[in-house]
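Chemist: Okay, handing you the structure first.
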Amino acid sequence: MRHGNGPRVLVLDGFWNKTLAAVRSLGRCGAFVAAGERTRLAPALFSRYCGRRFVYPSVARRPEAFLAALEREIRVGGYDVLLPMELATQLLVTRHRRRLEPRVRIPFADADRTLRLHDKGLLTAFARDHGIECPATFFPEGPEDAAALAADLPYPVLVKPRRSSGGRGIRRVERRADFAGAYAAVHAAFPAPIVQECLPPGGAALGVAVLMNFASQPRASFAYRRLREYPASGGPSTLRESIPDPDLRATAERLLSLLGWVGVAMVEFKVDPRDGRPKLLEVNPRFWGSLHHAILCGVDFPWLLCRMAVDGDADRVTGYAVGVKSRSLLHGDVMHFLTRPERSRLRPGLCDLSIPDDVLSADDPWPALGRIASLVALVRDRELRAMVRG
């Protein structure tokens with residue numbers, strides 16, 4: 001790290017709660033933090049810990065203009081570390097690593113490795129070959145191949161895009177008669193989806209966040225249980241609780257080490273109530289939505305990643321606070337409540353503000369206004385709406 005002053009860090013994708021968590025974390029650790037997004041109406045840009053704001057062209061629609069603007073900002077800002085927080089941004093940045101890295105460090109795996117890890121089909125096959133339990137999974141290459149499997153599938157099943165997150169694009173199929181149409185619909189948007197058994201209800205949804213160093217050795221891991229999600233049928237967590245589970249953490253670390261992973265990732269599992277064992281669902285090769293929860297419990301992934309980028313490695317973190325809950329009230333838990341008929345019986349209640357929130361903070365209040373203001377951006381910006389929908 002720099003002597004005297006902390007590192008200068010440019011954090012992209014300021015619309016998301018996880019980006020706000022990173023900006024706050026790095027600022028509190030003494031870094032100079034700049035935050036960027038394609039609109040000024042983004043929560044991370046409202047933070048007191050954001051020392052500079054960077055509005056850039058669309059990553060999806062104008063990638064070359066984005067890269068040119070990013071090069072200028074890196075040159076002017078003199079940053080030590082660049083942290084893209086969303087996968088699309090991360091992929092574009094890492095594909096152009098040689099163009100950017102002479103001036104700034106980018107502590108992420110290369111784009112090809114990231115795409116392989118994000119592919120649920122490749123991941124599941126690799127995990128099974130290395131003794132990591134997964135739900136029963138089938139790999140049709142298209143609708144005709146899927147039709148041949150239809151009679152033998154263990155309904156209900158999930159038709160899952162190979163590359164998606166947060167439950168986007170997944171179709172649940174209860175009976176054989178509906179399978180061909182559901183598979184064709186997913187295939188049209190996400191070619192050659194996998195088909196996976198739907199684990200029975202009752203098993204906990206678990207996540208393990210991991211940081212791997214440049215030698216693919218674990219430097220931190222953090223496990224938590226999802227208590228509420230939106231959509232309630234399966235999506236990002238809106239209420240969660242930290243758990244110890246050293247065996248699950250060791251499984252996630254071993255998987256990422258075998259895959260030669262570098263940087264952060266979130267490994268998702270679900271407990272199969274038939275045998276009580278967690279089964280691997282997917283790996284998100286990026287920062288995850290509930291990042292604030294890990295930081296709150298004592299595993300500061302953004303700061304550790306910056307240490308790794310600048311110093312070449314980071315100290316191993318092995319412990320954290322367990323039994324700690326956090327939530328995402330705006331808008332996640334609000335939407336969870338509105339869509340649940342038994343909402344009056346849910347605990348904690350919607351108005352219980354004793355649980356730490358991803359956005360609301362007495363120390364840094366303005367991002368809450370930024371989250372409300374971001375709704376204006378959503379109304380006005382079709383591309384931003386599409387980005388949020390995934």
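The values are calculated or read from the model by the stated rules, or taken from the named source; none is laboratory data. Remember, predicted model here, so these are calculated numbers, not experimental data. Backbone-built Cβ (ideal geometry, glycine too); neighbour counts: all protein chains shown.
Chemist: Could you please tell me which pairs satisfy a Cβ distance under 7 Å, a separation of 6+ or placement on different chains, a first residue in region 57-85 that is touching a residue at least 60 places away in the same chain (Cβ under 8 Å) and of a type outside the set (A, V, I, L, M, F, W, C), and a second residue that is surrounded by 16 or more Cβ atoms within 10 Å (Cβ to Cβ) and part of a loop (DSSP other than H, G, I, E, B)?
Modeler: That search, which allows pairs on different chains as well, returns Ser58/Arg38; Tyr79/Val104; Asp80/Pro7; Asp80/Val104; Pro84/Leu12; Pro84/Asp13.
Chemist: Return the residues of region 212-251 that are of a type in the set (Ser, Thr, Tyr) and at pLDDT below 95; say none if nothing qualifies.
Modeler: Hits for region 212-251 are Tyr230, Ser233, Ser237, Thr238.
Chemist: Something else: Among Gly349, Gly289, which is within 30 Å of Arg40 (Cβ to Cβ) and modelled with pLDDT under 95?
Modeler: Gly289
Chemist: For the structure I just gave you, tell me whether Glu37 is acidic (Asp, Glu), surrounded by fewer than 17 Cβ atoms within 10 Å (Cβ to Cβ), assigned by TED's automatic domain parsing to the domain that holds Arg380 and free of Cβ contacts under 8 Å to residues at least 40 places away in the same chain.
Modeler: So Glu37 does not fit the description; no.
Chemist: With the condition kept exactly as written, say whether any residue in region 24-41 is over 26 Å from Val210 (Cβ atoms), aliphatic (A, V, I, L, M) and not in a helix (DSSP H, G or I).
Modeler: Within region 24-41 (the criterion being over 26 Å from Val210 (Cβ atoms), aliphatic (A, V, I, L, M) and not in a helix (DSSP H, G or I)), the answer is yes, since at least one residue qualifies.
Chemist: Can you tell which of Ser221, Ser257 is assigned to a strand (DSSP E or B) and either crowded, with 22+ Cβ neighbours inside 10 Å or assigned by TED's automatic domain parsing to the domain that holds Lys325 (or both)?
Modeler: So the residue among Ser221, Ser257 that is assigned to a strand (DSSP E or B) and either crowded, with 22+ Cβ neighbours inside 10 Å or assigned by TED's automatic domain parsing to the domain that holds Lys325 (or both) is Ser221.
Chemist: Next up: Condition (residue is among the β-branched types (Val, Ile, Thr) and not in a loop (DSSP other than H, G, I, E, B)) applied to region 302-310: is it met by at least one residue?
Modeler: Kept after step one, since they are among the β-branched types (Val, Ile, Thr), are these residues of region 302-310: 310.
Those left that are additionally not in a loop (DSSP other than H, G, I, E, B): 310.
Yes, region 302-310 has at least one match.
Chemist: Name every residue in region 37-52 that is modelled with pLDDT of 95 or more, basic (Lys, Arg) and either touching a Ser or Thr at 6+ places or on another chain (Cβ under 9 Å) or over 14 Å from Asp364 (Cβ atoms) (or both), in order of residue number.
Modeler: If the condition is that a residue be modelled with pLDDT of 95 or more, basic (Lys, Arg) and either touching a Ser or Thr at 6+ places or on another chain (Cβ under 9 Å) or over 14 Å from Asp364 (Cβ atoms) (or both), then Arg52 is the only one that fits.
Chemist: Can you find, within region 109-133, the residue that is farthest from the chain's Cα centre (by Cα) among those that are under 13 Å from Leu256 (Cβ atoms) and in a loop (DSSP other than H, G, I, E, B)?
Modeler: Going through the qualifying residues, I end up with His130.
Chemist: Oh, and also: Any idea which residue in region 358-390 is surrounded by the most Cβ atoms within 10 Å (Cβ to Cβ), counting only those that are assigned to a loop (DSSP other than H, G, I, E, B) and modelled with pLDDT under 75?
Modeler: Among them, the one singled out is Asp381.
Chemist: Would you mind finding the one in Val104, Val93, Val81 that is buried (at least 18 other Cβ atoms within 10 Å of the Cβ), among the aliphatic types (A, V, I, L, M) and farther than 18 Å from Gly312 by Cα?
Modeler: Val93
Chemist: Could you please find all residues in region 263-275 being outside any strand (DSSP E or B) and touching a residue at least 40 places away in the same chain (Cβ under 8 Å)?
Modeler: Pro273, Arg274
Chemist: Let me spell it out: the conditions are (1) more than 15 Å from the chain's Cα centre (by Cα); (2) farther than 30 Å from Gly30 by Cα; (3) of a type outside the set (Lys, Arg); (4) surrounded by 21 or more Cβ atoms within 10 Å (Cβ to Cβ), and Leu281 meets all of them except one. Which number is the exception?
Modeler: (1)
Chemist: Is there a residue being assigned to a helix (DSSP H, G or I) and either among the charged types (D, E, K, R) or free of Cβ contacts under 8 Å to residues at least 60 places away in the same chain (or both) anywhere in region 316-327?
Modeler: Within region 316-327, not a single residue is assigned to a helix (DSSP H, G or I) and either among the charged types (D, E, K, R) or free of Cβ contacts under 8 Å to residues at least 60 places away in the same chain (or both).
Chemist: Still on this structure, I have one more. Restricting to strands (runs of 3 or more DSSP E) lying wholly in region 154-217: which have 1 or more residues that are under 21 Å from Met266 (Cα atoms)?
Modeler: Strands (runs of 3 or more DSSP E) meeting the threshold: 157-160, 194-197, 205-212.
Chemist: Identify, by number, the condition in (1) out of contact with any Lys or Arg (no Cβ under 7 Å at 6 or more places or on another chain); (2) of a type in the set (A, V, I, L, M); (3) free of Cβ contacts under 8 Å to residues at least 60 places away in the same chain; (4) assigned by TED's automatic domain parsing to the domain that holds Val310 that Ala209 doesn't meet.
Modeler: (3)
Chemist: Follow-up question, since we're still on this one. Please identify the pairs in which a residue from region 289-310 that is more than 20 Å from Phe15 (Cα to Cα) and outside the structural domain of Ile243 (by TED's automatic domain parsing) has its Cβ atom under 9 Å from the Cβ atom of a residue that is at pLDDT 95 or above and hydrophobic (A, V, I, L, M, F, W, C), counting only partners at least 6 apart or on another chain.
Modeler: Within 9 Å, no pair qualifies.
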